[in-house]
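S.K.: Have a look at this one before I ask anything.
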Amino acid sequence: MITGKQALVKFGDPVKEFNLILWDVPSNLEIGVIPKKIYCNKVMVEPLTKAFTNLIHSGCVSELISWDGCFNIRPKHSADSPSLHSWALAVDLNAGRNRYGMKPTLSPQFVKCFTDAGFDWGGRWSTPDGMHFQISKI
């Protein structure tokens, strides 16, 4: 699992981030609430493409109720270090049903669509963050 410290070393100060792009999601992946455009770190394009493809092929795309963001410069919950969202290296999904600290509601198959694509899931943490998926390596 990558840390904010590793992201800072690789990408620098998130306020001066130069690795962000507005990704035009391919039309074949624009199913359900999968966004048409995502402001993200360019290293997220390949794993998100795989995760969205996995969601569609598995039928789990119907479980995606809300896209709750990728880029947001802010500290981690209960920590002084920046969240990986500060470098657009994480996404939040179905936030209304998967609040920080609550028992996650995402199905194991849905989670697998992302973990098989190279993401770590916050729902497995000691304090669960079931909405949160972050890239597993940079």
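S.K.: In a Gaussian network model over the chain where Cα atoms closer than 10 Å are linked, find which of ASN72, ASN19, ASN98 has the largest mean-square fluctuation.
M.R.: ASN19
S.K.: Please report the carbon-and-sulfur percent of the accessible area for the chain; probe 1.4 Å, protein heavy atoms only, DNA, RNA and ligands left out. Intermediate results must be reported in sequence, preceding the final value.
M.R.: Numbers: 3950 of 7240 Å².
Carbon-and-sulfur percentage of accessible area, whole number: 55.
S.K.: Full-extension gain between THR105 and ILE73, please, as 0.36 nm times their residue separation minus the C-alpha to C-alpha distance. All intermediate terms of the calculation are to be shown ahead of the outcome.
M.R.: Values: separation 32, 0.36 × 32 = 11.52 nm, distance 2.61 nm.
My answer for the length gained is 8.9 nm.
S.K.: Students sometimes get this wrong: rank PHE11, PHE18 by accessible area, probe 1.4 Å, all chains present, largest first. Working shown, then result.
M.R.: Details: PHE11 25, PHE18 170 Å².
Descending order: PHE18, PHE11.
S.K.: Over the chain, with a Gaussian network built from C-alpha contacts below 10 Å, which listed residue (VAL91, VAL33, VAL15) shows the highest mean-square fluctuation?
M.R.: Among VAL91, VAL33, VAL15, the largest mean-square fluctuation in the Gaussian network model of the chain belongs to VAL15.
S.K.: For the chain, just run the numbers: alpha carbon Rg, then divide by 2.2 N^0.38 Å, N being how many residues it has. Spell out each step's value before the answer.
M.R.: On the way: Rg = 14.0 Å, N = 138, 2.2 N^0.38 = 14.3 Å.
Rounded to two decimals, the normalised Rg is 0.98.
S.K.: Over all pairs of distinct alpha carbons, what does the Kirkwood formula give as the hydrodynamic radius of the stretch 78-138, in Å?
M.R.: Working: mean 1/r = 0.0850 Å⁻¹.
In the stretch 78-138 this quantity evaluates to 11.8 Å.
S.K.: Next question. Rounded, prolate or oblate: which fits the stretch 1-68, taking a ≥ b ≥ c as square roots of the Cα gyration tensor eigenvalues, rounded meaning a/c under 1.5, else prolate when a/b beats b/c?
M.R.: Details: a/c = 2.61, a/b = 1.99, b/c = 1.31.
Verdict is prolate for the stretch 1-68.
S.K.: Here's a follow-up. For the chain, what is the accessible area per residue in Å² when the probe is 1.4 Å?
M.R.: On the way: 7240 Å² over 138 residues.
Per-residue value: 52 Å².
S.K.: Suppose accessible area is computed on protein heavy atoms with a 1.4 Å probe; arrange MET131, MET1 from highest to lowest.
M.R.: MET1, MET131
S.K.: For ASP24, ASP13, ASP92, ASP120, what's the largest-to-smallest order of accessible area, 1.4 Å probe?
M.R.: Values: ASP24 95, ASP13 70, ASP92 20, ASP120 40 Å².
So the residues, ranked largest to smallest area, are ASP24, ASP13, ASP120, ASP92.
The values are calculated or read from the model by the stated rules, or taken from the named source; none is laboratory data. Owing to the predicted nature of the structure, the values given are computational and were not obtained by experimental measurement. Surface accessibility is based on the protein's heavy atoms, side chains included, excluding ligands, DNA and RNA. Shrake-Rupley method; radii C 1.70, N 1.55, O 1.52, S 1.80 Å.
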